[in-house]
Amino acid sequence: MKRISLNGCWQGECIDTNGTKKFDFTGNVPGCVHTDLAGTQIPDDIFYRNNTDECQWIENCDWLYS
């Protein structure tokens, strides 16, 4: 069986609920969108205190890695 590693640097896109692309970012696999966004400062600081209300939009977007 041939193995293909998907690890590494990937290009990510944020797609809103209307299907419109909002922005691009660089992500890492393995990983998650939250840590990828933390590296780009979008949003300000998702891990600061109780910043969950300001970051709720992250869960309402579709994330495409290619």
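The values are calculated or read from the model by the stated rules, or taken from the named source; none is laboratory data. What you see is a predicted model; the values in this text were computed from it and never measured. Cβ: placed from backbone, ideal geometry, glycine included. Neighbour counts: every protein chain shown. Ligands, DNA and RNA are excluded from the accessible area calculation, which covers all protein heavy atoms including side chains. Shrake-Rupley method; radii C 1.70, N 1.55, O 1.52, S 1.80 Å.
Name the pairs whose Cβ atoms lie under 8 Å apart, with the first residue in the range 13-40 and touching a residue at least 40 places away in the same chain (Cβ under 8 Å) and at negative phi, the second part of a strand (DSSP E or B) and open to solvent by less than 50 Å² (accessible area, probe 1.4 Å), and 6 or more positions between them or separate chains?
Short answer, once both residue conditions are applied: GLU13/PHE23; GLU13/PHE25; CYS14/PHE23; CYS14/PHE25.
Filter the range 30-41 down to the residues that are of a type outside the set (Ser, Thr, Tyr) and in contact with a Ser or Thr (Cβ under 9 Å, 6 or more places away or on another chain), then identify the one that is nearest to ILE58 (Cα to Cα).
Out of the qualifying residues, it is ASP36.
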